[in-house]
1. When you check R226 against the structure, is it of a type in the set (K, R) and either under 17 Å from Q144 (Cβ atoms) or crowded, with 16+ Cβ neighbours inside 10 Å (or both), yes or no?
2. For the stretch 182-219, name all the residues that are aromatic (F, W, Y) and more than 16 Å from ligand 1 (Cβ to nearest atom).
3. Which number in (1) at pLDDT 95 or above; (2) open to solvent by 10 Å² or more (accessible area, probe 1.4 Å) marks the one condition that A254 misses?
4. Which of the residues that make up the stretch 30-54 are outside any helix (DSSP H, G or I) and farther than 21 Å from E167 by Cβ?
5. Please state which of the following conditions A311 fails to meet, knowing it meets all the rest: (1) modelled with pLDDT of 95 or more; (2) of a type in the set (A, V, I, L, M); (3) open to solvent by 20 Å² or more (accessible area, probe 1.4 Å).
6. Scan the stretch 153-181 and report the pairs whose first residue is assigned by TED's automatic domain parsing to the domain that holds L205 and within 11 Å of ligand 1 (Cβ to nearest atom) and whose second residue is acidic (D, E) and outside any loop (DSSP other than H, G, I, E, B), with Cβ atoms within less than 8 Å and a gap of 6+ or a chain change.
Amino acid sequence: MKGQITLGIESSCDETGIALYQMGRGLLAHALHTQVAMHSEYGGVVPELASRDHVKRAVPLIRKVLAQADVSLEKIDAIAYTQGPGLGGALLVGASIANSLGFALNIPTIGIHHLEGHLLSPLLSDPAPEFPFVALLVSGGHTQLMRVEGVGRYELLGETVDDAAGEAFDKSAKLLGLGYPGGPALSRLAQSGSPGKYKLPRPMLHSDSLDFSFSGLKTAVLTLVRQNDLNDQARADIACATQEAIVDVLARKARAALAQTGLSQLVVAGGVGANRLLRERLTHDIEKRGGRVFYPELEFCTDNGAMIAYAGALRLAQNQENRDYRFDVKPRWNLDEIERHYVR
Ligand code: KG4
Ligand code: ZN
């Protein structure tokens, strides 16, 4: 329904993201607190610390977006929150706040699948893709190619059989002595590396399958790290080869997915979608063949509240909200189970 305002709460991992989306108007405001600095001391996300931090951040951020948008709490029509997948404790913080606030305001709540948020996030940009399209979802936890027919109509075309693309970046970065999160750090270091100095494996590239495998890559990186005198240039060259291998596999499989489905639009979502080389390669390869690639704004590539508010607004428009305030979080949740979730 035009005009309805949805508050979105994202708390599945290490960012607290809050946003307000109004049907017919678009994104009214959004705010984010990232816990990267806190977790970087430990070299990765510490779940208990993540939950505690979401507790501290969520309400002040809600106040902040309401003030930014000049919207009072009473004007909100629904509250969407990430119900899964993600860290159980972190998800529970967002789910509890959403449902208690929803109950207090007597407005519905909507549990959103985190990956659906990522999948639909390019629709927040202008120009936006039109259904149907192929989505390449590349985050710290997921690497999937999906055929997207419409909201909630997703067909899995291929996925990683082991590590996710973001994990491959993060683990390789760790081997090179870089901090967390490794993706952006490795990609920065790669800029001073010489392309082609080292060649790393590209598993599963020559099969027809659209599945990915990245676990062999970190073993190959480890071998390079052990074999070489790890001076700055060698580290940069290895970073360069690692990024090249990951990007090459992602770009070729994405192209194959378009060819197999006969679709021309590719949407790239998830944190690794922020990678510059990946963007350049995909745009070059696909536009050359008459296709088109769409990316969310950089700030909506990584976890954020806007994608959850937006997915919530679309679900609300389809009357898929919940008014009983009973909730459970789903730390593990397959996207293909999503339609069953909304049928009641
Ligand atoms: O979507 P996201 O923020 O969180 C998850 O749901 O996982 O993705 C985070 C992942 C991390 O693995 C991070 O290293 C990676 O995205 N990432 C990047 C870049 N920016 C973030 N990887 C490569 N290049 C980047 N520029
Ligand atoms: Zn994510």
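The values are calculated or read from the model by the stated rules, or taken from the named source; none is laboratory data. Bear in mind that the values here come from a model prediction, so they are computed numbers and not experimental data. Virtual Cβ from ideal backbone geometry, glycine too; neighbours counted across all protein chains shown. Note: accessible area is taken over every heavy atom of the protein model, side chains too, but ligands, DNA and RNA are not part of it. Shrake-Rupley method; radii C 1.70, N 1.55, O 1.52, S 1.80 Å.
1. No; evaluated as a whole, the condition is false for this residue.
2. Y198
3. Status for A254: all satisfied but (2).
4. Passing the criteria: H30, A31, L32, H33.
5. In the conditions (1) modelled with pLDDT of 95 or more; (2) of a type in the set (A, V, I, L, M); (3) open to solvent by 20 Å² or more (accessible area, probe 1.4 Å), A311 misses (3) alone.
6. Y180/D170; P181/D170
A quick yes/no check of all residues on (1) at pLDDT 95 or above; (2) within 13 Å of the chain's Cα centre (by Cα); (3) among the basic types (K, R):
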position: D126; (1), (2), (3): no, no, no
position: A135; (1), (2), (3): yes, yes, no
position: T143; (1), (2), (3): yes, yes, no
position: T160; (1), (2), (3): yes, no, no
position: G166; (1), (2), (3): yes, yes, no
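One line per residue, one yes/no per condition, for (1) among the aliphatic types (A, V, I, L, M); (2) away from ligand 2 (no atom under 14 Å from the Cβ); (3) not in a helix (DSSP H, G or I):
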residue	(1), (2), (3)
V93	yes, yes, no
N99	no, yes, no
G102	no, yes, no
I107	yes, yes, yes
L119	yes, no, no
D126	no, yes, yes
P129	no, yes, yes
V134	yes, yes, yes
E149	no, yes, yes
